[in-house]
Structures are given as structure tokens and as C-alpha cells.
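Novice: Before anything else, here's the structure in question.
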Ligand code: SF4
């Protein structure tokens, strides 16, 4: 499996934010989001066996593992890796762009964190409501927003996708572009049950640093 990096850090963007987490970052992503902070993962990486990744995870006494990217959903080995990590008893998060369907054979005890890419990302044309309809209990949705237009577009997309109420939706401001207070006000005035968050890993660590 082509892997860009593995690292131990703090989960920064989901309902699991704040917990120590072992991260496995896959190589490759077909998208090109304007504010992508992991462009180094587009091509760089090395081949790893599923066994070695599972063993590395087992060696860490941490219950939470996140597979991120790049775009994990385009890696054909993903279901095997997820199964290996679940068999260790880990809680497995998979962060995905929202542009690709849930892979066949994926063990659904894993928890999908599916992004919505609003217009500010430049990738909103890759968003299709039917992809989000495959989400179920334990999964969640998140969006990073640059401005009010992104916020309004995201609300409209959530309505079109018909995401069930039990799936949490977390909204974060683009780091350095949108003020968190503004986003909080938009949420409060919308009357929607949405969760506001900041990209915690970018506050805790140098945002330019890899492996955080
Ligand atoms: S989906 Fe993620 S990895 Fe791919 S371009 Fe967008 S931010 Fe970067």
C-alpha cells in the first residue's frame, strides 16, 4: 500500500478532536483543494505492507487510529488495512474528501469522516449528494468554510443530501481566512444543529509542519 507518512498526534477535526491518535496517511489524491495543506501527499510515499502498518499501530498503546490522505478511498488496499486495525480492537476513523463512494467491502465498524467541499475550495463540482447517502451510524460529516457563500452553499447541500439527523455535522473556518466568531454567528442565526470547531491541530502545532 502506498503510504505517505505515519505519525502520532492529536486528532484535530471531528467529534474525536483532542484525542491522541495514530495517523496513517495514504499517498495520492485526485482533488486539488485551494487550501490543501498536504500537497506533499499527492505523490510522495513508499510501499508498505498491511502487516507492517497494523504492527506499527499495535505497538502504540493508543485506541484511536485515523486513515487519512491524500484520499484513502482510492487506495484498493483500504478494506484490508481497516479490517486489520479493527481486529486489533482499535477505533478506526477514515477521513475522505466526499468525492468518492464508500468502497465495496469496507468494514462498516469503521467510522467515516466525509468532507463537504464548498465553492471556496474550488472542488464543489466533485460533490454529489448520493455519495453522502451511504453514511450511517458512527459516521460524520465535516466542512471547512472560507466565507458566508461557503456556509450557505453547505446548508443547501446538506438539504439535498438528506443526511440523517444522527450524523454529526462539524463546520470549521479556513485557518487564517474566516474568523471563527463569524462562523459561530452564522450557525447560531441559522437555527441548525451544527457543530462549530476550529482546526485544533493547526493551533496546537506549527501549521506548516508535517506529521501533525
Ligand atoms: S481532498 Fe484533501 S488531500 Fe485532496 S486536495 Fe483536498 S485537502 Fe488536499
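The values are calculated or read from the model by the stated rules, or taken from the named source; none is laboratory data. As the structure is a prediction and not an experimental result, all values here were calculated from the model. Here the Cβ positions follow ideal geometry from the backbone for every residue, glycine too, while neighbour counts run over all protein chains shown.
Novice: Go through the stretch 63-88 residue by residue and tally those that are more than 12 Å from the ligand (Cβ to nearest atom) and either in contact with a helix residue (DSSP H, G or I) (Cβ under 7 Å, 6 or more places away or on another chain) or within 22 Å of residue 209 (Cα to Cα) (or both).
Specialist: Pass one, the stretch 63-88, residues more than 12 Å from the ligand (Cβ to nearest atom): 63-67, 75-88.
If we keep only those that are either in contact with a helix residue (DSSP H, G or I) (Cβ under 7 Å, 6 or more places away or on another chain) or within 22 Å of residue 209 (Cα to Cα) (or both) as well, we get 64-67, 77-78, 80-81, 84-85, 88.
Going through the stretch 63-88 one residue at a time, the tally reaches 11.
Novice: Keeping to the stretch 182-212, report how many residues are out of contact with any helix residue (DSSP H, G or I) (no Cβ under 6 Å at 6 or more places or on another chain) and either assigned to a loop (DSSP other than H, G, I, E, B) or at pLDDT below 95 (or both).
Specialist: Filtering the stretch 182-212 for residues out of contact with any helix residue (DSSP H, G or I) (no Cβ under 6 Å at 6 or more places or on another chain) gives 182-185, 187-193, 195, 197, 199-211.
Okay, now just the ones that are also either assigned to a loop (DSSP other than H, G, I, E, B) or at pLDDT below 95 (or both), so 191-193, 197, 199-211.
Residues in the stretch 182-212 being out of contact with any helix residue (DSSP H, G or I) (no Cβ under 6 Å at 6 or more places or on another chain) and either assigned to a loop (DSSP other than H, G, I, E, B) or at pLDDT below 95 (or both): 17 in total.
Novice: On the basis of being within 16 Å of the ligand (Cβ to nearest atom) and either without any contact (Cβ under 8 Å) to a residue 40 or more places away in the chain or crowded, with 18+ Cβ neighbours inside 10 Å (or both), does residue 44 make the cut? Steps first, answer last, please.
Specialist: Working: within 16 Å of the ligand (Cβ to nearest atom): yes; either without any contact (Cβ under 8 Å) to a residue 40 or more places away in the chain or crowded, with 18+ Cβ neighbours inside 10 Å (or both): no.
No, not satisfied.
Novice: Please state which of the following conditions residue 122 fails to meet, knowing it meets all the rest: (1) in contact (Cβ under 8 Å) with a residue 12 or more places away in the chain; (2) at negative phi.
Specialist: Result: residue 122 passes all but (2).
Table: residues versus (1) over 17 Å from the mean Cα position of the chain (by Cα); (2) crowded, with 16+ Cβ neighbours inside 10 Å; (3) over 19 Å from residue 68 (Cα atoms).
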| residue | (1), (2), (3) |
| --- | --- |
| 133 | no, no, yes |
| 138 | no, no, no |
| 169 | no, yes, no |
| 173 | no, yes, yes |
| 178 | yes, yes, yes |
| 199 | no, yes, no |
